[in-house]
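Visitor: This is the structure I have questions about; it appears just below.
The values are calculated or read from the model by the stated rules, or taken from the named source; none is laboratory data. The structure presented is a predicted model; accordingly, all values stated were derived computationally and were not measured. Please note: Cβ atoms are built from the backbone with ideal geometry, for glycine as well, and neighbour counts cover all protein chains shown.
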Amino acid sequence: MAMYVNHEEAEAALRPAEPAAHWKNLKQGDRVRVRLTPGFETGGEVDAITWDHTAVWVDLDGGRGRILLHCSDGVEIVPQEE
């Protein structure tokens, strides 16, 4: 065990766990664009959302499966224009 460990820093979140404002408006069935990394964007449909809107399940287009995204993952979920 390390002698000089700052336990407060060790327990701190790496990224804020607070969802973006527009995440709170998402609902099941919404069409969205998911930006996982710069240059990689895909479409999908919101399948489920946690009660606090910090995690969203998205069914990706093209049969690419379902993905769980957390607000601290550094991804963007943007509602698609109709």
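Visitor: Of the residues His22, His70, only one is surrounded by 13 or more Cβ atoms within 10 Å (Cβ to Cβ) and either among the small types (Gly, Ala, Ser) or modelled with pLDDT of 90 or more (or both); which? Please lay out each step first, then the result.
Guide: Working: His22 fails: either among the small types (Gly, Ala, Ser) or modelled with pLDDT of 90 or more (or both).
Criteria check complete, one pass: His70.
Visitor: Next question. Pick from the range 1-19 the residues that are exposed (fewer than 13 other Cβ atoms within 10 Å of the Cβ) and in contact with a Ser or Thr (Cβ under 6 Å, 6 or more places away or on another chain): which of them is modelled with the highest pLDDT? Quick ask: steps written out before the conclusion?
Guide: Step one: list which residues in the range 1-19 are exposed (fewer than 13 other Cβ atoms within 10 Å of the Cβ), which gives 1-17.
So of that shortlist, the ones also in contact with a Ser or Thr (Cβ under 6 Å, 6 or more places away or on another chain) come out as 15, 17.
Details: Arg15: 61, Ala17: 74.
Within the range 1-19, the match that is modelled with the highest pLDDT is Ala17.
Visitor: Gly62 - would you say it is in a helix (DSSP H, G or I), exposed (fewer than 12 other Cβ atoms within 10 Å of the Cβ), free of Cβ contacts under 8 Å to residues at least 60 places away in the same chain and over 12 Å from the mean Cα position of the chain (by Cα)? Explain how you work it out, then say what you get.
Guide: Values: in a helix (DSSP H, G or I): yes; exposed (fewer than 12 other Cβ atoms within 10 Å of the Cβ): yes; free of Cβ contacts under 8 Å to residues at least 60 places away in the same chain: yes; over 12 Å from the mean Cα position of the chain (by Cα): yes.
Considered against the rule, which asks whether it is in a helix (DSSP H, G or I), exposed (fewer than 12 other Cβ atoms within 10 Å of the Cβ), free of Cβ contacts under 8 Å to residues at least 60 places away in the same chain and over 12 Å from the mean Cα position of the chain (by Cα), Gly62 comes out as yes.
Visitor: Does Trp57 fit the bill of being of a type in the set (Phe, Trp, Tyr) and assigned to a loop (DSSP other than H, G, I, E, B)?
Guide: In short, no.
Visitor: How about the range 33-43: which of its residues are more than 10 Å from Leu69 (Cβ to Cβ) and either modelled with pLDDT of 90 or more or in a loop (DSSP other than H, G, I, E, B) (or both)?
Guide: Listed by number, the residues that qualify are Arg33, Arg35, Pro38, Gly39, Glu41, Thr42, Gly43.
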